[in-house]
Amino acid sequence: MVDLLCNFINNEAVPAGGAPESLAVTSPHTGETIAQVPLSAAADVDAAVAAAEAAFGAWSGMTLKARAAVLLRLYNRLQVHADELAALVEREHGKTRTEAQGDVAKGLETLEYAIALPHTAAGRVETVSRGVQCRDERVALGVVAAIVPFNFPFMVPFWTLPIALGMGNTCVLKPSEKVPLTMSRVCALAADVLPPGVLNIVHGDRRAASALVEHKAVRALTFVGTSAVAEQIHARASVLGKRVLALGGAKNHLVALPDCDVEMTAQDVVASFTGCAGERCMAASVLLVVGDQPALIDRIVAKARALRPTGDCSASDAAPTMGPVIDTAALQRIEDAVAGAEAAGAAVLLDGRNAAEFSARRTESGGFWIGPSVLRHQSATDHAMHSEIFGPVLSILHCATPDDALAVENANEYGNAACVYTASGAAAEYFSQRFQAAMIGVNIGVPVPREPFSFGGINRSRFGAGDITGDAAVEFFSYRRKITTKWAVSAEKSWMS
Ligand code: NAD
């Protein structure tokens, strides 16, 4: 018997009401059920939003400095428990321990940013006419809801929570039903740090998500997940007059120019498409090789082939490893993508479907293990070249010229990341200015902007305006109150006198 998780409302664990339906949370390592997550109904969402609404007045009424001090205490608490949280991420998501530690560390960076808000988010004041001053200040919006995906159980919720809370909003989070444990633990740890109602969790699936979107008291909403859902939630929340930022899927292209450093490029490409088993919105999934570069492709295949399943006792400690994917649906999607590419004429240079150690691990453990695959396509129109597979699969396409590579990248409908590998500053600049993506890498395979730089894509990787972190998030999670004052009566008349 495993535990049925509770929602978290007013700093207390609250069971979902009635006799809620529930879903099994499975271990990607073994396929075993490790928890049951309740599929909360609209009434549970109402309770969480009501708690957040009730807490808003006092929380938003505190000074920014006072809220930042509370967030600093939260940071210290989470730092003390960082290893425990990373272990939970590893357990429910399947990341390697190093990747799980990265998930927690990167989330905490956004919290660091929010702790510094008193130093960065001050308003402005200017004398605009003699005796007349304008000032602006940032004002909290109210209840902010966050609907998040499975692939970063800690970091993605922490794209929204720290800055939204820092700016004076109160929050309701709906974690992914596939990875509900990490943020449940975060809320328990936060219980004696945050005032009741400031941060609430409601577990569930699309129904709980939709109830949040529809809720009148939810003033702003962030969503991160697949593009189809992002687009739909953005459209609906916009119609309802909410402020909404919905980040979607991705298909990130790397371009290897003939002058690239073969060893570094191969290392980065493999780390990018196999890191977190390819379940990253910043993962490389297409490599555009300009010119004939057989040595590069051989190195990529060799390095990917050398990966072992996490925890493989026969591998040396230094051997690079890869974790399982999230569930059987992901396994199926990845296998279908490789089979579909093969049927369309792509050469399968490395076939993760029958990678010996991964297949053996899958059979022995019942977990969702699959090795990395490398495909060489003949055509940019192959399905695997443009659909998001979200697994450890790299599609390679040869391009005759740099502009041919740019044309392929520019034609893809997403716009999260794009990278160029080259020894030439001029070429790097040429590509940086022309890629159709918002996060650009030069000789970097996963160009995630680190704080204080903001995170966000364009095109079908983002619906709405702005970015989810950094100064763009300060704008998103507040509105500007503009106050114009005249206290000294000036002899000099103007239209403002
Ligand atoms: P998903 O779209 O299946 O689910 C995301 C969240 O939305 C979950 O909480 C889920 O319960 C909820 N949901 C699902 N269907 C819904 C519906 N019809 N209505 C309302 N809510 C719904 O995504 P996922 O599989 O959990 O995550 C993987 C996806 O997230 C990938 O496409 C990946 O690229 C994307 N992602 C994007 C970014 C980014 O920054 N752009 C970051 C991380 C992940």
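The values are calculated or read from the model by the stated rules, or taken from the named source; none is laboratory data. Here the structure is a predicted model, which is why all the values come from computation and not from measurement. FYI the Cβ positions are ideal-geometry reconstructions off the backbone, even for glycines, and counts take in every protein chain you see. We work out accessible area using only protein heavy atoms, side chains counted, and drop any ligands, DNA or RNA first. Shrake-Rupley method; radii C 1.70, N 1.55, O 1.52, S 1.80 Å.
In percent, rounded to a whole number, the relative contact order of the chain is 18, using alpha-carbon pairs under 8 Å and six or more apart. What a 1.4 Å probe finds exposed on the chain is 54% carbon and sulfur by accessible area, rounded to a whole percent. Take the alpha-carbon centre of the range 378-393, take the same for the range 321-357, and report the distance between them in whole Å. Centre-to-centre distance over Cα atoms comes out at 12 Å. Annotation: per residue accessible area for the range 284-426 equals 40 Å², rounded to a whole number [probe 1.4 Å, protein chains only].
Show the residues, 5+ positions off or on another chain, whose built amide H is closer than 5 Å to the amide H of Leu350. Amide H neighbours of Leu350, under 5 Å, 5+ apart: Val374.
Potential lengthening of the chain between Ser490 and Ala302 amounts to 59.9 nm, from the contour at 0.36 nm per residue minus the alpha-carbon distance.
For Lys251, Lys216, Lys493, the ranking by accessible surface with the largest value first comes to Lys216, Lys493, Lys251, using a 1.4 Å probe.
Using C-alpha pairs under 8 Å with a sequence gap of at least 6, the mean separation divided by the residue count of the range 252-442 gives a relative contact order of 28 percent. A straight line joining the Cα centroids of the range 233-290 and the range 33-89 runs 29 Å.
Grab the other residues whose beta carbon is less than 12 angstrom from that of Ala465, score K and R as +1, D and E as -1, and report the net. Don't jump to the answer; show the numbers that get you there.
Working: positive: Arg243, Arg462; negative: Asp467, Glu475.
Its environment carries a net charge of 0.
Applying the Karplus relation 6.51 cos²θ - 1.76 cosθ + 1.60 with θ = phi - 60° to the range 134-142 yields 3J(HN,Hα) values of 10, 9, 10, 9, 8, 10, 4, 8, x Hz, where x marks Gly and Pro. Given the C-alpha centroids of the range 409-423 and the range 164-190, what is the distance between them in whole angstrom? Using only Cα atoms, the two centres lie 32 Å from each other.
Averaged per residue, what accessible surface does the range 8-114 expose to a 1.4 Å probe, in Å²?
42
Overall dimensions of the range 46-163, expressed as equivalent-ellipsoid semi-axes from the Cα gyration tensor (√(5λ), whole Å, largest first), are 34, 17, 13. Here's the picture: charge each Lys and Arg Cβ at +1 and each Asp and Glu Cβ at -1 in the range 252-442, and of Met282, Leu257, Ala380 the one pushed furthest to the positive end of that dipole is Met282. Summarising the overall dimensions of the chain from its C-alpha atoms, the Rg and Dmax are 24.2, 88 angstrom.
Taking the charge dipole of the range 252-442 about its Cα centre, with +1 at Lys and Arg Cβ atoms and -1 at Asp and Glu Cβ atoms, the residue from Ser424, Ala438, Ser395 reaching farthest to the positive side is Ser395. Length, then width, then depth: along the principal axes, the Cα atoms of the range 252-442 run 51, 33, 28 Å.
Sequence-distant contacts, meaning Cα pairs under 8 Å at least 6 residues apart, place the relative contact order of the range 1-147 at 19 percent. Tyr113 contributes about 30 Å² of solvent-accessible surface, heavy atoms of the protein only, 1.4 Å probe. With a cut-off of 17 Å on the backbone N, the residues of the range 118-142 near the modelled label site 7 Å out from Lys482 along Cα-Cβ are 123-130, 132-139.
Annotation: amide H-H contacts under 5 Å for Ala284 (H modelled 1.01 Å from N, sequence separation of 5 or more, or interchain): Phe273.
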